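What follows is a short report on a single structure.
The values are calculated or read from the model by the stated rules, or taken from the named source; none is laboratory data. Quantities reported herein were computed from a predicted structural model and do not represent experimental measurements. Cβ placement follows ideal geometry from the backbone for every residue including glycine, while neighbour counts extend to all protein chains displayed.
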Amino acid sequence: MSGSRSLSPMKPIYLDYNATTPIDPEVADVMLFCMREVFGNPSSAHAYGVEARRVVEAARAQAAGLLNCSTGEILFTSGGTESNNHALKGAARANRHRGNHIVTSAVEHPAVSEVCQSLAAEGFEISVIGVDPTGLVDLAALERALGERTILVSVMHANNEVGTVQPIGEIARMARERGILVHTDAAQSVGKIPVDVGALGVDLLTVAGHKLYAPKGVGALYIREGVRLATFMHGAGHESGRRAGTENVIGIAGLGKACEVAKRDIGAAGDRMKRSRDRLQEGILRDVPDVRVNGPRDRRLPNTLSVAFRGLDAGALLGSMEGLAASAGAACHGTSVEVSKTLRAMGVPLEWSRGTIRLSTGKCTTDEEVDRAIDIIAGAVKKLR
Ligand SMILES: Cc1ncc(COP(=O)(O)O)c(C=O)c1O
């Protein structure tokens, strides 16, 4: 099976695929080939350059194939953070003459919320829309926020912590009928659920390579044909003048292959991730008392489980779960607890949020790993309580 990795008895069980994924072996093969054989500069006119250009353009076609758009609508970037920065700053600055109002949600990754903060310092007005207890954006409040001076709406496709999948199609419809641009950060959804930019109706969409079994440091931004963004990176005319800097040919080749694999395998991979996530969820709910799941049961990424252990401290829990790699929904600093913005926005009470951990499965997570993880978690909770 592609994407598998060796699990030595000494290595902790990895259930943190929302943080990052290993490189798929098929992706690694393509990258290794490029590393050894394709060193030309894609801007060079000679045979070496032409070969590198061919690799970049083949990857663009693979990415476009996954998102169901045309190749000219794919811009390669250094990852999700850059794609979000480029989308938000580029759209805001290019449309300043039309207005200065941007609408976003309370559960965005810092790669969007911090960009909004920086745009606020440039004079843009930011409206942050709240969510319900499952993390779903309040659509009525979002619609009310759209006004004459609104130029951009940015709401994530799927949340990185609790996995809530937002109704982007509906949000896009509301915005676009008013002539407002729509961006969605799809860093967590691409490769886990089908993402079709036409069906979503968005103008801009962020892809992060390392969340879909491509390497870190490469990503893409879908830019609907005709949408103009202010130049983000100044320099020479790479990427059709849209992003200066010699292309990361090896990383781009990897991202292209990862997109091809994701498109080919999405049904089976999604089913496997969901099966192991559901097994994990059932096992924890069965074996551990005083526990609950944050986020929706259904409108959720197939691999994500945000689980709260009442009265516990997530840091202490992770620390005592030797043999398991997961992440916390709250961080403790001395006597104060910093609960994640997402859990706060969802109104999760502190006694639950401070003991929240995020478990996220991958396309190669096995039943054996899941069962061992359940035992480790149940044992750690028992010890701490
Ligand atoms: C929802 C979301 N957006 C953006 C990012 C940032 O992507 P990158 O790490 O490629 O910069 C992440 C990474 O955790 C994410 O989960």
**Asked** Out of all the residues in region 348-368, which are buried (at least 19 other Cβ atoms within 10 Å of the Cβ) and not in a loop (DSSP other than H, G, I, E, B)?
**Response** 352, 353, 356, 357, 358, 359, 360
**Request:** Mind listing whichever residues of region 95-133 are in contact with a strand residue (DSSP E or B) (Cβ under 7 Å, 6 or more places away or on another chain) and β-branched (Val, Ile, Thr)?
**Result:** 102, 103, 104, 107, 112, 126, 128, 129, 131
**Request:** Pick out, from region 171-242, the strands (runs of 3 or more DSSP E) lying fully within it that include 2 or more residues that are of a type in the set (Val, Ile, Thr) and closer than 23 Å to residue 102 by Cβ.
**Result:** 181-185, 204-208
**Request:** Scan region 146-199 residue by residue and report those that are among the small types (Gly, Ala, Ser) and within 14 Å of the ligand (Cβ to nearest atom).
**Result:** 154, 158, 163, 186, 187, 189, 191
**Residue selected from region 200-219 under the condition more than 10 Å from the chain's Cα centre (by Cα) and within 9 Å of the ligand (Cβ to nearest atom), by the criterion nearest to residue 72 (Cα to Cα)** = 219
**Message:** I need a count of the residues in region 266-289 that are touching a Lys or Arg at 6+ places or on another chain (Cβ under 7 Å) and surrounded by fewer than 24 Cβ atoms within 10 Å (Cβ to Cβ).
**Reply:** 2
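Table: residues versus (1) outside the structural domain of residue 192 (by TED's automatic domain parsing); (2) away from the ligand (no atom under 12 Å from the Cβ); (3) assigned to a strand (DSSP E or B); (4) at pLDDT below 95.
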| residue | (1), (2), (3), (4) |
| --- | --- |
| 75 | no, yes, yes, no |
| 86 | no, no, no, no |
| 90 | no, yes, no, no |
| 93 | no, yes, no, no |
| 98 | no, yes, no, no |
| 104 | no, yes, yes, no |
| 108 | no, no, no, no |
| 112 | no, no, no, no |
| 118 | no, yes, no, no |
**Complete:** Within region 110-146, the residues that are buried (at least 21 other Cβ atoms within 10 Å of the Cβ), more than 26 Å from residue 308 (Cβ to Cβ) and within 21 Å of the chain's Cα centre (by Cα) are 115, 116
**Request:** Only residues that are touching a residue at least 24 places away in the same chain (Cβ under 8 Å), of a type in the set (A, V, I, L, M, F, W, C) and in contact with a His (Cβ under 7 Å, 6 or more places away or on another chain): list them for region 213-268, please.
**Result:** 221, 229, 232
**Prompt:** If you check every pair at least six apart or on different chains, which have Cβ atoms under 7 Å apart with a residue in region 35-52 that is at negative phi first and a residue that is of a type in the set (Asp, Glu) and surrounded by 13 or more Cβ atoms within 10 Å (Cβ to Cβ) second?
**Reply:** 38/51; 40/51; 42/247
**Request:** Taking residue 293 as meeting all but one of (1) over 27 Å from residue 136 (Cβ atoms); (2) without any contact (Cβ under 8 Å) to a residue 24 or more places away in the chain; (3) under 26 Å from the mean Cα position of the chain (by Cα), write down the number of the exception.
**Result:** (1)
**Fill in**
residue 274 fails exactly one of (1) at positive phi; (2) more than 16 Å from the ligand (Cβ to nearest atom), namely (1)
**Message:** Quick check on my filter: what residues within region 326-349 are over 18 Å from the mean Cα position of the chain (by Cα) and modelled with pLDDT under 95?
**Reply:** 330, 331, 332, 333, 334, 335, 336, 337, 338, 339
**Request:** Could you please find all residues in region 290-329 being crowded, with 20+ Cβ neighbours inside 10 Å and in a helix (DSSP H, G or I)?
**Result:** 314, 317
